[in-house]
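Note sheet for the following structure.
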Amino acid sequence: MSDTTSVNDLTEDQAQAELQRLALLISKANQAYHSADDPEISDAEYDSLKRRNLEIELRFPHLKLSDSPTLMVGAPAADGFQKIEHSLPMLSLGNAFDAEDVRDFDSSIHKYLGLKEGAALDYTAEPKIDGLSLSLRYEEGVLVHAATRGDGRVGEDVTANARTVKDIPERLKNAPDILEVRGEIYMSHADFEALNEAQANAQKKIFANPRNAAAGSLRQLDSNITASRPLRFFAYAWGQVSEPLATLQSAAIARLSDFGFSTNPLTKVCKTPDELIAHYQDIEAQRATLGYDIDGVVYKVNDLALQNRLGFRSTTPRWAIAHKFPAELAWTRLEAIDIQVGRTGALSPVARLLPVTVGGVVVSNATLHNEDYIAGLASNGDEIRNGKDIRIGDWVQVYRAGDVIPKVADVDLSKRPSDSEAFEFPKLCPECQSNAIREPGDAVRRCSGGLICPAQIVERLKHFVSRAAFDIDGLGSKQVEQFFEDGWVKDPADIFTLRDRFGSGLQQLQNREGWGEKSANKLFDAIDAKRSISLDRLIFALGIRHVGEGTASLLARHYGSWSAFETAVTNAVIDDPEDEAWSDLLAIDGVGRVMATSLVTAFQQPAERASIDRLVSLLDIKDITRPDAEGSPVAGKTVVFTGTLEKMTRAEAKARAEALGAKVSGSVSARTDLLVAGPGAGSKAKKATELGVETIDEDGWLALIESL
Ligand code: IVH
């Protein structure tokens, strides 16, 4: 039997023999590849053996050998994907929307690095592919796993599916021992059209756009389906590497290309913001004929040593930015305005639209932001849209940019019905009828019902179980909503007593549609698994106004443990500069007065506090110790910088100290561990001497941290 017989034509006996033959060939090839310098077969041949083996296994799953070559890593669990923790987080990018943003990006980098305005600084510029990101881990040149981005920290194991993608090599030659290649999975326009046609013929789901088709195809539990979908991959970044790939971004990308990855041919090195913008325009002009979707151009600092110095904000690198293409627009009729109540009580107007296609996606809802926006006013009272208000029955212009919620941009007064009336924004909460109040300086009207408002409770619960918060498998928005309606969960803590309350009687949950004993027990197990939670996630999950994911992580890193955090915010006296807890909170870089007030108020408000205490008593909260701060001489220390720094800017010094696990404070107190004083240090140096705080100069600081 030749190895070109189509897998679909193989009989069961032939398949069995073929699997054995392939297993032998692959294992021999693996050995030759690792032990000898001279592999016996080419990479392409090897890949095709692996792919054929996989295809046969997918067609005859019961014939899969116990030592099958596809078993090198865990296959997906039958009922979902296994999780993979990224060795380095997969981040997102900040956005630029116009040339001015691009120039600001360039000057902020100059400033951060202490370079003179206009000093030479190279960037790469390349298309931003509109697909989904994937991280591929190679060990000793062999693909060991593939993970989706997930929440950036933990993704889904889609290894078996990634192996079916032709652009993803199974083995790499001369690659570092550990190499994580990152890039984008996407589908070409032509393949997307053909897929949808085939789907339509088979009366199967039609995909809204190539991105959804790519995502749906990669996240298939059955790799057979993925294998049948024409997915492609562009490599543009990397995660963990056991040795540097190069010293320049452009050279690193060239190496990825040498390893056999597709890299984007429109990648270019540019020397100035003007060149970046020119290349952006060039790419934009080719957008319609590229054959795949892109949604902007990504700029990256070319020098990897500078990238390293620039480092990261909480979720985005300082050394890169995405320059987005303008959003796509469409006109349609506004049929109704609904008011939704969010977890902090905000009343948000939502436009219900006559469905319209915007950039390949059918849009029937869009945000209207707040009452001022409907009235034609910006939050500072200035007019927007020349003061035109928005009314039910109007023709409105809708736009969407990337993944964000569609928005209403404009209104066509010439089409306004003569009997239309200005929209009256409700003064009562539509969910609980409490007064909806607008505080001075707040752009939104809020329900004053607090924890008596069912909408607020449900939204808090949804937030609590969301992906960046507790992320409990099998307990999403739909389920918490149901549990709330049933009266089973009114408060986050109730989630953690579900098993006690219903576990023995299971009956009640089982009797509900969609639940059986197995799924109920699985849910209880998934809940138990999240009793142990990291401090940053917990703080974020509490859903306190102004405390987003980034702030929660800053707070967690600053206080380290729940008890330190809780003591500080319980005792802080709002707006009292003499109060240590308050000034310590405000001294955290990234924490402002509004956020600090909101946080402290939440902890000092009895009902809210009782809810938090009840929750915490059911959890095991993990302290935050920064992994990269291991062995750091400044981990956990409070450091103050003062005077002029000559070898780095203040921002860089601060970011670097924080990355090493130090807390950076703006003022010297008895709790300061170290003062780094440059020339011109004044009162802070004096105070440090009085308090006996250790003081070193900039070189001393560099020597200290570089001894790492
Ligand atoms: S670089 C640390 N380059 O855009 C930054 N990202 O909005 C790593 N994306 O999650 C990303 N094309 O999925 C980079 N040429 C490109 C990209 C690109 C598409 C995606 C990627 C990322 C998202 C951020």
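The values are calculated or read from the model by the stated rules, or taken from the named source; none is laboratory data. All of these numbers come straight from a predicted model, not from anything done at the bench. Neighbour counts are summed over all protein chains in view; Cβ atoms, including those assigned to glycine, are modelled from backbone coordinates with ideal geometry.
Give the residues of the stretch 120-129 that are of a type in the set (D, E, K, R) and either without any contact (Cβ under 8 Å) to a residue 12 or more places away in the chain or out of contact with any Ser or Thr (no Cβ under 9 Å at 6 or more places or on another chain) (or both), sorted by residue number.
As a first pass, look at the stretch 120-129 and keep what is of a type in the set (D, E, K, R): 122, 126, 128.
Passing the criteria: only Lys128.
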**Asked** Hey, among the residues in the stretch 297-324 that are touching a helix residue (DSSP H, G or I) at 6+ places or on another chain (Cβ under 6 Å) and either assigned to a loop (DSSP other than H, G, I, E, B) or on the phi > 0 side of the Ramachandran plot (or both), which one's nearest to the ligand (Cβ to nearest atom)?
**Response** Trp319
**Request:** Tell me, yes or no, whether the stretch 600-622 has at least one residue that is out of contact with any helix residue (DSSP H, G or I) (no Cβ under 9 Å at 6 or more places or on another chain), surrounded by fewer than 14 Cβ atoms within 10 Å (Cβ to Cβ) and in contact (Cβ under 8 Å) with a residue 60 or more places away in the chain.
**Result:** yes
**Complete:** Of (1) surrounded by 13 or more Cβ atoms within 10 Å (Cβ to Cβ); (2) out of contact with any Lys or Arg (no Cβ under 7 Å at 6 or more places or on another chain); (3) within 25 Å of Glu566 (Cα to Cα), Gly661 fails just (2)
**Prompt:** Restricting attention to the stretch 218-238, and to residues there that are in a helix (DSSP H, G or I) and touching a residue at least 40 places away in the same chain (Cβ under 8 Å), which single residue is nearest to Pro89 (Cα to Cα)?
**Reply:** Leu218
**Prompt:** Any idea which of (1) within 29 Å of Trp319 (Cβ to Cβ); (2) crowded, with 16+ Cβ neighbours inside 10 Å; (3) in contact (Cβ under 8 Å) with a residue 60 or more places away in the chain is the one Glu184 doesn't satisfy?
**Reply:** (3)
**Prompt:** modelled with pLDDT under 95, acidic (Asp, Glu) and within 33 Å of the chain's Cα centre (by Cα) - does that describe any residue in the stretch 426-445?
**Reply:** yes
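If you take the residues in the stretch 102-132 that are of a type in the set (A, V, I, L, M, F, W, C) and within 12 Å of the ligand (Cβ to nearest atom), which one is farthest from Leu306 (Cα to Cα)?
Kept after step one, since they are of a type in the set (A, V, I, L, M, F, W, C), are these residues of the stretch 102-132: 102, 105, 109, 113, 115, 119-121, 125, 129, 132.
Now drop any that are not within 12 Å of the ligand (Cβ to nearest atom), which leaves 125, 129, 132.
Details: Ala125: 16, Ile129: 25, Leu132: 27 Å.
Applying the filter and picking the extreme gives Leu132.
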**Prompt:** Quick one: what pairs do we get from the stretch 320-333, first residue modelled with pLDDT of 90 or more, second within 13 Å of the ligand (Cβ to nearest atom) and hydrophobic (A, V, I, L, M, F, W, C), C-beta under 6 Å, 6+ apart or different chains?
**Reply:** Ala320/Leu93; Ile321/Ala96; Ala322/Leu93; Ala322/Val298; His323/Ala96; His323/Val297
**Asked** Restricting the first residue to the stretch 680-700 and requiring it to be over 16 Å from Lys647 (Cβ atoms), which pairs with a second residue that is in a helix (DSSP H, G or I) and among the hydroxyl-bearing types (Ser, Thr, Tyr) meet a Cβ separation below 9 Å and a spacing of at least six or different chains?
**Response** Thr695/Thr689
**Request:** Could you look through the stretch 463-493, keep only residues that are surrounded by fewer than 20 Cβ atoms within 10 Å (Cβ to Cβ) and in a helix (DSSP H, G or I), and pick out the one that is nearest to the chain's Cα centre (by Cα)?
**Result:** Ser477
**Item:** Residue under evaluation Arg545, criteria (1) part of a helix (DSSP H, G or I); (2) buried (at least 18 other Cβ atoms within 10 Å of the Cβ); (3) not hydroxyl-bearing (Ser, Thr, Tyr), criterion not met
**Value:** (1)
**Asked** When you scan the stretch 344-413 for strands (runs of 3 or more DSSP E) that lie fully inside it, which ones turn up with 2 or more residues that are within 30 Å of Ile452 (Cα to Cα)?
**Response** 347-358, 361-367
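Could you tell me which of the residues Leu132, Leu136 is touching a His at 6+ places or on another chain (Cβ under 9 Å) and touching a residue at least 40 places away in the same chain (Cβ under 8 Å)?
Details: Leu132 fails: touching a His at 6+ places or on another chain (Cβ under 9 Å).
Being touching a His at 6+ places or on another chain (Cβ under 9 Å) and touching a residue at least 40 places away in the same chain (Cβ under 8 Å) holds for just one of Leu132, Leu136, which is Leu136.
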**Prompt:** Quick one: which of Val358, Val362 is of a type in the set (A, V, I, L, M, F, W, C), buried (at least 16 other Cβ atoms within 10 Å of the Cβ) and modelled with pLDDT under 95?
**Reply:** Val358
**Request:** Could you please find all residues in the stretch 642-654 being assigned to a helix (DSSP H, G or I) and surrounded by fewer than 21 Cβ atoms within 10 Å (Cβ to Cβ)?
**Result:** Arg650, Ala651, Glu652, Lys654
